[in-house]
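I have placed the structure first, in the form of structure tokens, so that the comments after it can refer back to it.
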Amino acid sequence: MIEEERYCIDVVRQVQAIKAALTSLEKLVLDDHLDTCVETALKGKSLSTRREKVEELVAVLGGRKK
């Protein structure tokens, strides 16, 4: 769109749509992770695995890389 010299507002709207789609995808992936990986770890006997999953969630929700 930039190379085609499209109207700035059209470009901004497209960027907003992409961001919204990525936010929705992020929510779906995080929900699935909670329902599978985290739930399995919390039901398991390994304290280190449970701690690891909680630390991962805190890091990702806080915007940090682990």
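Only the coordinates and a few stated rules stand behind these numbers; no lab work does. As the structure is a computational prediction, the values presented were derived from the model and not from experiment. When we count neighbours, we look across all protein chains shown, and the Cβ atoms used for this are built from the backbone with ideal geometry, even at glycine.
Across segment 8-61, the volume of the C-alpha convex hull divided among the residues equals 55 Å³ per residue.
Here the sum of -39500 (n - 2.57) over DSSP H runs of 4 or more residues, divided by the residues of the chain, equals -23000 deg cm²/dmol at 222 nm, to the nearest 500. Restricting attention to segment 8-61, lysine pairs at least eight places apart or on different chains and with alpha-carbon atoms under 21 angstrom apart total 4.
What's the local net charge at residue 1, with K and R +1, D and E -1, over the other residues with C-beta under 13 Å away? Once positives and negatives cancel, what remains is -2.
Projecting the Cα atoms of 16, 47, 33 onto the dipole axis of the chain, where Lys and Arg carry +1 and Asp and Glu carry -1 at the beta carbon, places 47 farthest toward the positive end.
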